[in-house]
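Chemist: Please find one structure pasted underneath; my questions will follow.
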Amino acid sequence: MTHWFHRNPLKATAPVSFNYYGVATTPAATKVCNDLRLSRARLLELFTDSSCNPEMMKNAADLYFSLLQGFILSLDDSSQECKLRYIQNFKWTDTLQGQVPSAQQDAVFELVSMGFNVALWYTKYASRLAGKEDITEDEAKDVHRSLKIAAGIFKHLKESHIPRLITPVEKGRDLEARLIDSYIIQCQAEAQEVTIARAIELKHNPGLIAALAYETANFYQKADQTLSSLDPTYAGKWRKYLNLKSCFYMAYAYCYHGQTLLASDKCGEAIRSLQESEKFFAKAEALCKEYGETKGPGTTAKPSGHLFFRKLGSLIKNTLEKCQRENGFIYFQKVPAEAPQLELKANYGLVEPVPFEFPALNTHWTPETVAAFDLTKRPKDDTAKPKPDEEVKPLKEPDIKPQRDSGCQIS
C-alpha cells in the first residue's frame with residue numbers, strides 16, 4: 001500500500017570554515033578543525049542526495065557530531081562548559097519561516113539545528129520509500145523504523161539539548177516546543193499508518209484495525225491542535241495536512257468499526273457507523289482540495305488522487321452497500337440517529353519513538369588538543385560575524401517525481 005506524507009523543507013545553513021588562524025596553535029588542533037569542516041560539508045551534501053540511505057546518514061552524522069562535541073563537552077568531567085562553545089557563529093533557517101535565518105554564537109545551537117535536520121532527513125527518506133507503487137515488506141519496515149528514529153531524535157533534542165541554549169528560542173521557530181511536539185506526534189502517526197496498512201493486508205481483526213485508526217486520527221488531531229496558535233501564513237498548509245489525515249483515519253475507524261458491529265449482528269448500528277465514515281471521508285476530500293490550494297511551505301500534492309485515498313472511498317461504499325443489503329434481507333434493524341461512540345483502545349501496534357543519544361566524543365579530542373586553542377589570539381574586531389538578517393540559500397532537495405497512480409509529488 002502506497003502512502004502520502006506532507007513534508008516541510010529542510011533547514012538551510014551558512015557555510016562554516018572552522019578556520020581559526022592563530023587560535024589553533026598545533027597540528028592536532030588544526031586537523032580537528034579541518035575534520036569538522038569536511039564532515040559538516042559531507043553531512044549537508046547527504047541531506048540532498050537521493051541515493052543516501054540510513055546507514056550512510058548515521059555514519060556521516062555520527063562523525064560530525066562526535067567532532068562537534070569537542071566544542072561542547074568538558075574533558076575533565078567538571079561541571080564547567082568547554083571554553084570553545086562560543087568560538088563560532090552558526091546560522092540556520094527554519095522549516096516554516098523562509099530564508100531569513102537565526103544566528104547564535106553557540107555550538108549547542110549547531111548541535112540541535114543539525115540534529116533537527118538529520119531527523120527531518122529520516123522523515124523524508126521514509127516519505128520517498130513509502131510513496132513507491134510496489135513497496136515491499138522490508139521497505140515498509142524501513143519506513144516504520146525511520147519515522148520512529150526521527151521521533152526519537154526530535155524528542156531527545158527537546159528534552160536534553162534545547163533547554164541548554166543560552167539564547168531563548170524565538171516563538172514560531174523550529175526549536176520551539178510547539179513545533180518539536182508536532183513533528184514528534186506526526187512521526188508517530190505516520191508510522192502507525194504503516195502498521196494499519198500491514199494489518200489490513202494481513203486481514204487482521206477489524207476491531208484492531210478500527211482501534212489503531214482511531215488512535216492515529218487522535219494523534220493527527222493532537223498535532224494539529226499543537227500548531228493552532230501559530231501564524232497560519234507559515235503553518236496553514238501543514239495544519240490542513242494534519243486535519244485531513246485526522247478525518248481520513250476517523251473514516252477508517254468508523255468503517256472497520258462498522259465491520260465489527262456487522263459481525264456481531266448489529267447491522268443497524270453498522271450502517272450508522274458506515275454513514276459516519278462517509279461523512280469523515282467527504283470532509284477529508286474537501287480538506288484535500290483546500291490543502292492543494294493553500295500556499296505555504298511543504299509538499300506539492302493532490303492527495304485525493306492518491307491510491308491510498310481512493311481505496312478507502314471504495315471500501316466505505318462497498319461495506320455500506322453490503323450492510324444495507326443484509327439489513328434488507330436478514331436483520332431489518334432500525335438505523336440509530338446517533339453515530340456510535342468510538343471508545344477504542346489499541347493494545348498492539350502503537351508507536352513509541354526510538355531512544356536516541358548523540359555519539360561519544362571523537363578520540364581526536366584530548367586535553368592537549370583543547371589546550372592548543374588560544375582564545376586570546378582571536379581578532380578583537382570580529383568582522384566575520386554574520387549579519388542576522390542575511391539570507392541563506394535553501395538546500396536543493398531532490399525532485400522526486402510521483403509514482404504512477406500516486407497523484408502526488410513527494411519531497
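Throughout, read-outs are computed from the coordinates displayed, never taken from laboratory work. Quick caveat: nothing in here was measured; it's all calculated off a predicted structure. Methodologically, a virtual Cβ is constructed for each residue, glycine included, from the backbone with ideal geometry; neighbour enumeration extends over all protein chains shown.
Chemist: So for region 65-224, Kirkwood radius off the Cα pairs, Stokes-Einstein at 37 °C and 0.692 mPa s: how many µm² s⁻¹?
Modeler: Diffusion coefficient, whole number: 186 µm²/s.
Chemist: Which of the GluC sites (Glu not before Pro) across region 121-221 are loop residues per DSSP, with 14 or fewer other Cβ within 10 Å?
Modeler: Working: sites: Glu133, Glu137, Glu139, Glu159, Glu170, Glu176, Glu190, Glu193, Glu201, Glu215; in loops: Glu133, Glu170, Glu176.
Sites meeting the loop and neighbour criteria: Glu133, Glu170.
Chemist: For region 121-216, which trypsin sites (Lys or Arg not before Pro) are in a loop by DSSP, counting at most 14 other Cβ atoms within 10 Å?
Modeler: Loop-located and lightly packed - Lys171, Lys203.
Chemist: With the calculation restricted to Cα positions, what are the radius of gyration and Dmax of region 189-340 in angstrom?
Modeler: Cα radius of gyration and Dmax of region 189-340 are 16.4, 54 Å respectively.
Chemist: Still on this model: Which entries in Lys158/Lys377; Lys295/Lys317; Lys295/Lys393 show an alpha-carbon gap greater than 30 Å?
Modeler: Lys158/Lys377; Lys295/Lys317
Chemist: Measure out, as a whole number of angstrom, how far apart the alpha-carbon centroids of region 68-104 and region 111-143 sit.
Modeler: Each part reduced to its Cα centre gives a spacing of 26 Å.
Chemist: Over the chain, what is the mean sequence separation of C-alpha contacts under 8 Å (at least six apart), divided by residue count, expressed as relative contact order in percent?
Modeler: 27 percent
Chemist: Right, next: Which pairs in the list Lys245/Lys322; Lys148/Lys279; Lys11/Lys124; Lys132/Lys203 are over 24 Å apart, alpha-carbon to alpha-carbon?
Modeler: As for pairs spanning more than 24 Å Cα to Cα, those are Lys245/Lys322; Lys148/Lys279.
Chemist: Still on this structure, I have one more. Taking each pair of distinct Cα atoms in the chain once, what is the resulting Kirkwood hydrodynamic radius in Å? Working shown, then result.
Modeler: Values: mean 1/r = 0.0430 Å⁻¹.
Computed over the chain, the radius equals 23.2 Å.
Chemist: Just to confirm my numbers, what's the Cα centroid distance between region 170-220 and region 353-368 in Å?
Modeler: So the separation of the two Cα centres works out to 31 Å.
Chemist: What are the extents of the Cα atoms of region 14-64 along their three principal axes, listed from largest to smallest and rounded to whole Å?
Modeler: 39, 21, 10
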